[in-house]
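Okay, so here's the structure we're looking at.
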Ligand code: DC
């Protein structure tokens, strides 16, 4: 039987951590859909055409080790405004959402476009400052020398592009639980998401 959990929200709000935790808790498969756009963005940085790269994307491309950089994040956000890029990635995501045994997908448009009939929809958010601080610490741990100000500027630019685009803009789905993690610990945020899912099972 399928059971889809849609977790959307802006960069560094905590949706990846929450998604991985609830997927492990309920034994669901997890897809970080941002990786699809990051993989396309990485190919564009290497000179590929965005639409061709999206149409030719393979599972192995999601394993590339450069997908977490700030440069690839911006490239991902830029290719994500192209309707043909998004269209090329829809079937894979919908099939994943309806696989047997349950699935958690996190992204920007899962509850609104990819899986509007998801059994659970959650929109995870936090203030731009809190998100920038979290991403700054992550990047620092990975060896980046980017300043906090530069990370905040990146987050704000990416939010604006993801929110203001014409196709599948980032926004809470109707009926989504809004989880503002600005003042929450990871454990509190995971517990709130777990309760919301448990209530629908
Ligand atoms: O979740 P992330 O930060 O890895 O996503 C990178 C970019 O990909 C994000 O800025 C916008 C785009 N994206 C999207 O448009 N739709 C999704 N479902 C997931 C990501």
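Scanning segment 103-120 for residues that are more than 12 Å from the ligand (Cβ to nearest atom), crowded, with 22+ Cβ neighbours inside 10 Å and part of a loop (DSSP other than H, G, I, E, B) yields a single hit, 118. Right, residue 87: within 14 Å of the ligand (Cβ to nearest atom), out of contact with any strand residue (DSSP E or B) (no Cβ under 6 Å at 6 or more places or on another chain) and at negative phi or not? Here the answer is yes, as residue 87 does meet what is asked.
So that you can scan it fast, the table gives a plain yes or no per residue for (1) part of a helix (DSSP H, G or I); (2) within 21 Å of residue 23 (Cα to Cα); (3) in contact with a strand residue (DSSP E or B) (Cβ under 8 Å, 6 or more places away or on another chain); (4) within 13 Å of the ligand (Cβ to nearest atom):
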{"position": "62", "(1), (2), (3), (4)": "yes, yes, no, yes"}
{"position": "65", "(1), (2), (3), (4)": "no, no, no, no"}
{"position": "71", "(1), (2), (3), (4)": "yes, no, no, yes"}
{"position": "92", "(1), (2), (3), (4)": "yes, yes, no, yes"}
{"position": "101", "(1), (2), (3), (4)": "no, yes, yes, no"}
{"position": "139", "(1), (2), (3), (4)": "yes, no, no, yes"}
{"position": "144", "(1), (2), (3), (4)": "no, no, no, no"}
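Residues in segment 51-73 that are in contact (Cβ under 8 Å) with a residue 24 or more places away in the chain and surrounded by fewer than 16 Cβ atoms within 10 Å (Cβ to Cβ) were compared, and the one that is farthest from residue 193 (Cα to Cα) is 55. Picking from residues in segment 164-197 that are part of a helix (DSSP H, G or I) and without any contact (Cβ under 8 Å) to a residue 40 or more places away in the chain, the one that is nearest to residue 77 (Cα to Cα) is 164. Taking segment 23-38 as the range and being in contact with a strand residue (DSSP E or B) (Cβ under 6 Å, 6 or more places away or on another chain) and either assigned to a loop (DSSP other than H, G, I, E, B) or buried (at least 24 other Cβ atoms within 10 Å of the Cβ) (or both) as the test, the residues that pass are 28, 33. Criterion applied to 6, 39 was being within 12 Å of residue 107 (Cα to Cα) and more than 8 Å from the ligand (Cβ to nearest atom), and the one residue passing it is 6. Looking at segment 87-108, which of its residues are touching a helix residue (DSSP H, G or I) at 6+ places or on another chain (Cβ under 8 Å) and touching a residue at least 40 places away in the same chain (Cβ under 8 Å)? Scanning segment 87-108 gives 89, 92, 93, 97, 102, 103, 104, 105, 106, 107, 108.
Each reported figure results from applying straightforward, stated rules to the coordinates on display, with no laboratory input. Computed from a predicted model, the values in this text were never measured in an experiment. Every residue, glycine among them, receives a Cβ derived from its backbone with ideal geometry; neighbour counts consider all protein chains shown.
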